[in-house]
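*Asks:* Quick one: this structure, given as structure tokens, is what I'll be asking you about.
The values are calculated or read from the model by the stated rules, or taken from the named source; none is laboratory data. For clarity, every value in this text was computed on a predicted model and none was experimentally measured. All Cβ positions, glycine included, derive from the backbone under ideal geometry; neighbour counts span all protein chains shown. Areas reflect the complete protein model, heavy atoms only, side chains present, ligands, DNA and RNA absent. Shrake-Rupley method; radii C 1.70, N 1.55, O 1.52, S 1.80 Å.
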Protein chains: 2
Amino acid sequence: MTFVPASRSTVATDLDSQTLRVIRAIADRGSITAAAASLGYSQPAISQSIKRLEDKLGMPVLTRVARGVELTEAGEVLARHAATVLRAIDSAADELADLAGLRSGLVRIAAFPSASSTVVPRLLGDITGRHPGVRFSYLEAEPPEAVQAVRDHAADIALTFSYPGDPDDPHRASASGLVTLPLWREQMLLVVPDAPGLGDGAIELASLADSGWIAGCPRCRGHLVELCEASGFTPALGYETDNVQAVLAMVAAGLGVALMPSLALATTPLPAGVTTRPPTAADYRTVHLVTAQGSAAVPAIGATIAAIQSLDAAAWGLETQSR
Amino acid sequence: MTFVPASRSTVATDLDSQTLRVIRAIADRGSITAAAASLGYSQPAISQSIKRLEDKLGMPVLTRVARGVELTEAGEVLARHAATVLRAIDSAADELADLAGLRSGLVRIAAFPSASSTVVPRLLGDITGRHPGVRFSYLEAEPPEAVQAVRDHAADIALTFSYPGDPDDPHRASASGLVTLPLWREQMLLVVPDAPGLGDGAIELASLADSGWIAGCPRCRGHLVELCEASGFTPALGYETDNVQAVLAMVAAGLGVALMPSLALATTPLPAGVTTRPPTAADYRTVHLVTAQGSAAVPAIGATIAAIQSLDAAAWGLETQSR
DNA sequence: CCCTGACATAAGAGATGGTTATGCTTACGT
DNA sequence: ACGTAAGCATAACCATCTCTTATGTCAGGG
């Protein structure tokens, strides 16, 4: 028999981190038995693991020595690089732990305009107060665009609203892996001039059949028309504007009346001579949360969704949905 | 049902490099299918691998998107660190390949003095000529110490000699995981003054019974005494020295005769008036290679052993062992 | 509106990697 | 010098992991 130098063609296509961990433990402890103990394995497990490694490499990694074991040059190489590998893995694990522990993470929110000055600031305040590492980006967008942003992965969470029977109801568009959660019922209020004989109760919608109407966003206008027609008249739409302040000013100026969601009215003081009343047949729209299927499993996003659900929204006239 | 933020207590105790490789492939290719193809796996293999990872982390790593897949923040974290990990693993693999390819590696050799100026320099020249990356360290030591060096892992290869029936024959001491390989038979020569009536053939040992004898190392002396006693006389040991030049000078000065191995005589010219002759009953000692069990699997060491075995040693009067 | 491309799921097979039990070798203490 | 203890290797067995093939589902494009 003659000794022939080992010469494998391919060397170590896959060094897995488990093996490196073992090498490192052996390098540190100086014996297989001690390494096994420190890693929580039995001694043969480590022994076999090293054997597999040596078979794969085609060269020894350890030399069996009196009181334990000693690394060969190949073993030293592995131990040296193992430090780098394990350090990188640990720091990855740390970053993941930060994400899981809400010490980092970005949540991209899209919401309709009247939420921008009400629920959204409160929400962001709540979360950054509790989890300073979580960061947000915010996009103001009407429901159709907000939902599209989620669909395009440009946003993680969209806050939207829908009117009853709305064909654009996000509930219906939940096809492409989107999830919709009803959040609140938002009361619609009539905005009218404060006439002396108005009383303080609800107003019959039909009593405003002869008034001029100031309409808001396209979908809002659609809803208004539908509602009025259900009451037997077609509203005379004189002005259209998204601007809440403008609507109120127009009502104050006697240019007409309006139907507005309570959120839109929450942050602007009513001008003198203008008041709000519910219609006799109470009218509501619904605020929804739309998110991609599975997004809630991302810790920061899940936490944000939970925080939205537990927001105390009554102050803005929002009623939590019974579901 | 209410969404609850994901919050695992322990995160990712073990991220194995296989998973990181997968993440990296997905990050690069943008789809699971493409990643699978590039890694040589089936599509479901990667799909399941990601699922396992996500279950372990407790958060998604990918979002399923129209034409393929997209990394989440967690995925980005992993992809980023995966680069570091895989780079380290690759460079470890490179270094191992260097060891396997004899482009690096250290071989520690211990050998007896007369090898130092004969076979060892030739050997080192041969190997560094063919494999410039392989480095050597050399320790000159008498057989017992050389073997001890191997046993202590202070040397990888020992060259030793033994006399027939030698109680210290390394063959016998092969207990502690050492391996002994007979290499050459080395002829023992009588070193005598060049007397006129000497002839040119072998010399009967008994004819030197009355000469003074110059002895070498302790084991050589032991062998000499044994050999002479087998010839019916006890040699008169006048001088003892390890120094070949000294022995030759003493013989030249007429102080006695000596029995020396051919290697020791190979590199020193004989002084005038001194000649060498084999004893009538040819006498040999054996040169061995001693190495630790399994050392030969270390590429550089295995290559060195092979090179020793294929050394053309006839020039020094060494005969390759029949085995 | 069907067809294609891409991911998920299911079920089964084989490799992987672990455990316990046991043997062997070597060092150490008396 | 011998018995004992410490440490590695091996065997046999077993659970789990992970890959494969086959199939289902969903969204986008001609």
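*Asks:* Condition test on B:E95, is it within 29 Å of A:G101 (Cα to Cα), away from DNA strand C (no atom under 16 Å from the Cβ) and within 11 Å of chain A (Cβ to nearest Cβ)?
*Replies:* No.
*Asks:* If you don't mind, another one. Could you tell me whether any residue of the range B:127-139 is modelled with pLDDT of 95 or more, away from chain A (no Cβ under 14 Å) and either in contact with a Leu (Cβ under 8 Å, 6 or more places away or on another chain) or part of a loop (DSSP other than H, G, I, E, B) (or both)?
*Replies:* Among the residues of the range B:127-139, at least one is modelled with pLDDT of 95 or more, away from chain A (no Cβ under 14 Å) and either in contact with a Leu (Cβ under 8 Å, 6 or more places away or on another chain) or part of a loop (DSSP other than H, G, I, E, B) (or both), which makes the answer yes.
*Asks:* When the range A:33-54 is examined, which residues are found to be within 9 Å of DNA strand D (Cβ to nearest atom), closer than 23 Å to B:L96 by Cα and open to solvent by 60 Å² or more (accessible area, probe 1.4 Å)?
*Replies:* Of everything in the range A:33-54, those that are within 9 Å of DNA strand D (Cβ to nearest atom), closer than 23 Å to B:L96 by Cα and open to solvent by 60 Å² or more (accessible area, probe 1.4 Å) turn out to be A:Q48, A:K51.
*Asks:* Criterion first (more than 21 Å from A:W184 (Cβ to Cβ), crowded, with 17+ Cβ neighbours inside 10 Å and modelled with pLDDT of 90 or more) does A:V287 satisfy it?
*Replies:* In short, no.
*Asks:* Moving on. Go through the range B:38-53 and give me each residue that's within 10 Å of DNA strand C (Cβ to nearest atom) and within 14 Å of chain A (Cβ to nearest Cβ).
*Replies:* Within the range B:38-53, B:S49, B:I50, B:K51 qualify.
*Asks:* Please verify whether A:S295 is within 14 Å of chain B (Cβ to nearest Cβ), of a type in the set (G, A, S) and more than 21 Å from A:A146 (Cα to Cα), treating the condition exactly as stated.
*Replies:* no
*Asks:* Follow-up question, since we're still on this one. Select from the range A:142-162 the residues that are assigned to a loop (DSSP other than H, G, I, E, B) and open to solvent by less than 10 Å² (accessible area, probe 1.4 Å) and list them in ascending order.
*Replies:* The answer is A:A155, and nothing else.
*Asks:* Further, regarding this structure: So which residues in the range A:255-268 are at pLDDT 90 or above and either loosely packed, with under 14 Cβ neighbours inside 10 Å or touching a helix residue (DSSP H, G or I) at 6+ places or on another chain (Cβ under 6 Å) (or both)?
*Replies:* Within the range A:255-268, A:V257, A:A258, A:L259, A:L263, A:A264 meet the criteria.
*Asks:* Looking at A:G273, A:G216, can you tell me which residue is among the small types (G, A, S), open to solvent by less than 40 Å² (accessible area, probe 1.4 Å) and in contact (Cβ under 8 Å) with a residue 24 or more places away in the chain?
*Replies:* Every option except A:G216 fails the conditions.
*Asks:* Checking B:L189 against (1) modelled with pLDDT of 85 or more; (2) within 16 Å of DNA strand D (Cβ to nearest atom), which test does it fail?
*Replies:* (2)
*Asks:* Related question: Just give me the residues in the range A:68-85 being facing chain B (nearest Cβ under 9 Å) and open to solvent by 20 Å² or more (accessible area, probe 1.4 Å), in sequence order.
*Replies:* The answer is A:E70, A:E73, A:R80, A:H81, A:A83, A:T84.
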